[in-house]
Ligand code: SF4
C-alpha cells in the first residue's frame, strides 16, 4: 500500500481512476438447452459448466433473461468475489458487476491492490436476472446454487468475499443481518469467507464506505495470513 488510508477512502468515494473496460464478446452458445441436475453439475468441467449456465432452464428466470451471466475473471484466482444476481446492465452485457456498481467494485478491489481478471474471479449466486431486480426466491437460489458451488470447486479460491446481504446469507445459510456478519472470518466449505456491503448499496449509502473499507482491510490481512501459512 503506497497511499495512506485517507487517500484510499477518498478513492472509494470519488472513484478517480475509473476506466471503461473493454467488453469481451459474450460467446453465444449454439448448444441445445440443458437442465442437468446437481449431481451432473458437480461433475462438469469449466467449459461444460459455462455452456450449461448459458443454456440453463432449471428455473423460470430463463424465460425473462437476455442471457445467463456466468462470471468473469481468472478461473484459477485466489480471490473469489460473489454477488447477488445480474441487474439490467449485467443481463444486457453478460458480465457481472458492470455499470456504476461495477465501477465501484473495481475501485474497492484497486484499494487493496486487486484488479478484475487478475487473480480475481467475480460471480453471482444467481446467474439470470430476476425481473425488475426483485429478490431471488428460495426456489431460484436452490436451482442455481449448484452452478456457483461447482465454480468454487473448480476455481479453488483461497478467500471468498461475499458482497451484499443476499450473497452472504446464501453462502452461509443464515438469515443473520449483514451488519452482524461483517467484521469476522467465516468459512464456506472450509474456505475463509468475509462479508461486506454490495457496491449498489454503498452508492445509496456512502456513509458506509468507511465500513466497507474496514472489511477490505480485513480481507487483505486474512489473505496475507493465508499466504504466509498462518491460521485465520
Ligand atoms: S437463475 Fe440459474 S437456475 Fe435459473 S435459469 Fe438462470 S442459470 Fe438456470
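Figures for the structure shown
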item	result
Candidates 45, 74 - the one that is under 30 Å from residue 138 (Cα atoms), away from the ligand (no atom under 16 Å from the Cβ), loosely packed, with under 12 Cβ neighbours inside 10 Å and modelled with pLDDT of 95 or more	45
Test: residue 103 is at pLDDT 95 or above, in a loop (DSSP other than H, G, I, E, B), touching a helix residue (DSSP H, G or I) at 6+ places or on another chain (Cβ under 9 Å) and farther than 22 Å from residue 172 by Cα	no
Search result, residues across the range 136-159 that are in contact (Cβ under 8 Å) with a residue 12 or more places away in the chain, within 13 Å of the ligand (Cβ to nearest atom) and assigned to a loop (DSSP other than H, G, I, E, B)	136
Which listed residue is closer than 24 Å to residue 93 by Cα and away from the ligand (no atom under 16 Å from the Cβ), from 203, 193, 172	203
Residue count, the range 63-73 (criterion: part of a loop (DSSP other than H, G, I, E, B) and within 13 Å of the chain's Cα centre (by Cα))	3
Single residue of 219, 167 found to be within 20 Å of residue 70 (Cα to Cα) and touching a strand residue (DSSP E or B) at 6+ places or on another chain (Cβ under 8 Å)	167
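Per-residue answers, yes or no, for (1) more than 11 Å from the chain's Cα centre (by Cα); (2) within 14 Å of the ligand (Cβ to nearest atom); (3) free of Cβ contacts under 8 Å to residues at least 40 places away in the same chain:
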residue: 85; (1), (2), (3): no, yes, no
residue: 96; (1), (2), (3): no, yes, yes
residue: 103; (1), (2), (3): yes, no, no
residue: 108; (1), (2), (3): yes, no, no
residue: 112; (1), (2), (3): yes, no, no
residue: 123; (1), (2), (3): no, yes, no
residue: 126; (1), (2), (3): no, yes, no
residue: 129; (1), (2), (3): yes, yes, no
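The values are calculated or read from the model by the stated rules, or taken from the named source; none is laboratory data. Everything quoted here is computed from the prediction, not taken from an experiment. So basically every Cβ, Gly included, is an ideal-geometry build from the backbone, and we count neighbours across all protein chains shown.
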